[in-house]
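Okay, so here's the structure we're looking at.
The values are calculated or read from the model by the stated rules, or taken from the named source; none is laboratory data. Owing to the predicted nature of the structure, the values given are computational and were not obtained by experimental measurement. No Cβ is skipped: glycine too gets one built from the backbone with ideal geometry, and neighbour counts run over all protein chains shown. These area figures cover heavy atoms from the full protein model, side chains too; ligands, DNA and RNA do not enter into them. Shrake-Rupley method; radii C 1.70, N 1.55, O 1.52, S 1.80 Å.
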Amino acid sequence: MSGLLDLLNSPMGKQLISGVAGQTGQPENKTADVLSMAMPLLMGAMKKNASTPGGAQGLMSALSSKHDGSILDNLGGLFGGGVDQGVMDDGAGILGHVFGSKQPQVENALSSKSGIDAGSISQILKIAAPILLGYLGKQTKQQNVSSPDALSGLLGGLMGGGNTANKQQSLIESFLDSDGDGSVIDDLAGMVLNSGGQKKSGLGGLLGGLFGK
């Protein structure tokens with residue numbers, strides 16, 4: 001699905017990376033690495049939540065109201081004077097919902113993988129979560145997604161579709177379900193940041209290409 005490709009390869013994608021880096025005081029290349037691992041994890045956790053009727057309904061209602069994509073219309077304003085506390089609080093709420101008790105584990109694994117401290121990882125995730133939801137909101141509107149099945153299909157498509165998405169999804173779910181030594185995120189990061197020469201599709205290929213891996 002080219003939507004996410006367009007988003008992250010666009011000036012908006014670069015703006016997102018530089019804005020998050022500026023907000024957290026981290027180098028842009030490291031911020032890009034964290035986002036490239038965190039986005040699939042967030043997407044996979046949302047897809048897992050949306051696999052239950054209640055979870056799907058909750059996500060659908062969020063996407064049709066608060067997270068309808070309007071946050072993407074003014075990223076310059078969002079990052080211009082520092083990210084608004086309301087956005088950070090919103091991000092914290094999203095993370096608590098999709099990661100639950102696994103959130104510290106996710107942050108620690110991303111921290112050890114990227115070399116950025118867990119506090120900054122937490123900040124990056126809080127900013128990324130509302131932007132990712134806003135992007136999903138825009139996609140659901142454009143594609144007239146109105147059922148849980150269609151929503152699951154949209155999330156799967158954004159993760160690359162087919163076997164790649166299924167493999168990523170099972171990695172993500174085992175990571176979220178495990179007591180977690182972080183090894184699953186190594187596999188996931190290997191897929192997402194794969195430096196192999198073969199043509200990759202979906203999120204992994206896109207992020208690998210975008211961040212010069």
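Quick one: is Ile116 within 13 Å of the chain's Cα centre (by Cα), closer than 27 Å to Ser178 by Cα, open to solvent by less than 40 Å² (accessible area, probe 1.4 Å) and at pLDDT 90 or above? Please lay out each step first, then the result.
Numbers: within 13 Å of the chain's Cα centre (by Cα): no; closer than 27 Å to Ser178 by Cα: yes; open to solvent by less than 40 Å² (accessible area, probe 1.4 Å): yes; at pLDDT 90 or above: yes.
Criteria not met by Ile116.
Among the residues of the stretch 126-148, is there at least one that is open to solvent by 10 Å² or more (accessible area, probe 1.4 Å), at pLDDT below 85 and over 16 Å from Gly13 (Cβ atoms)?
Yes, because at least one residue in the stretch 126-148 is open to solvent by 10 Å² or more (accessible area, probe 1.4 Å), at pLDDT below 85 and over 16 Å from Gly13 (Cβ atoms).
Name the single residue that is surrounded by the most Cβ atoms within 10 Å (Cβ to Cβ) among those in the stretch 158-182 being at pLDDT below 80 and small (Gly, Ala, Ser).
Here the residue is Gly160.
Could you check the stretch 183-205 and list, in sequence order, the residues that are under 25 Å from Ala50 (Cα atoms), at pLDDT below 70 and open to solvent by 10 Å² or more (accessible area, probe 1.4 Å)?
Ser201, Gly202, Gly205, listed by residue number.
Taking the condition of being assigned to a helix (DSSP H, G or I) and without any contact (Cβ under 8 Å) to a residue 12 or more places away in the chain, how many residues in the stretch 71-88 meet it? Lay out the reasoning, then the answer.
Looking only at the stretch 71-88, we keep the residues that are assigned to a helix (DSSP H, G or I), and these are 71-80, 85-88.
Still in the list and also without any contact (Cβ under 8 Å) to a residue 12 or more places away in the chain: 73-74, 77, 80, 85-86.
Residues meeting the conditions: 6.
Could you say whether any residue in the stretch 1-13 is modelled with pLDDT under 85, outside any helix (DSSP H, G or I) and not small (Gly, Ala, Ser)?
Scanning the stretch 1-13, I find at least one residue that is modelled with pLDDT under 85, outside any helix (DSSP H, G or I) and not small (Gly, Ala, Ser), so the answer is yes.
Residue check: is Ser101 outside any helix (DSSP H, G or I), open to solvent by 40 Å² or more (accessible area, probe 1.4 Å) and either at pLDDT 90 or above or within 25 Å of Ser170 (Cβ to Cβ) (or both)? It would help to see each step written out before you state the result.
Numbers: outside any helix (DSSP H, G or I): no; open to solvent by 40 Å² or more (accessible area, probe 1.4 Å): yes; either at pLDDT 90 or above or within 25 Å of Ser170 (Cβ to Cβ) (or both): yes.
Here the answer is no, as Ser101 does not meet what is asked.
Does Asp68 satisfy the condition of being assigned to a helix (DSSP H, G or I), acidic (Asp, Glu) and either open to solvent by 10 Å² or more (accessible area, probe 1.4 Å) or under 21 Å from Thr164 (Cα atoms) (or both)? Let's see the steps before the verdict.
On the way: assigned to a helix (DSSP H, G or I): no; acidic (Asp, Glu): yes; either open to solvent by 10 Å² or more (accessible area, probe 1.4 Å) or under 21 Å from Thr164 (Cα atoms) (or both): yes.
No: the conditions fail for Asp68.
In the stretch 20-46, what residues are over 9 Å from the mean Cα position of the chain (by Cα) and open to solvent by 10 Å² or more (accessible area, probe 1.4 Å)?
Within the stretch 20-46, Gly22, Gln23, Thr24, Gly25, Gln26, Pro27, Glu28, Asn29, Lys30, Asp33 meet the criteria.
Could you identify the single residue in Gly58, Gly82 that is on the phi > 0 side of the Ramachandran plot, open to solvent by less than 60 Å² (accessible area, probe 1.4 Å) and not polar (S, T, N, Q)?
Details: Gly58 fails: on the phi > 0 side of the Ramachandran plot.
Going through Gly58, Gly82 in turn, the sole match is Gly82.
Would you call Gln23 in contact with a helix residue (DSSP H, G or I) (Cβ under 8 Å, 6 or more places away or on another chain), over 24 Å from Met159 (Cβ atoms) and either of a type in the set (Asp, Glu) or part of a helix (DSSP H, G or I) (or both)?
Working: in contact with a helix residue (DSSP H, G or I) (Cβ under 8 Å, 6 or more places away or on another chain): yes; over 24 Å from Met159 (Cβ atoms): yes; either of a type in the set (Asp, Glu) or part of a helix (DSSP H, G or I) (or both): yes.
Answer is yes for this residue.
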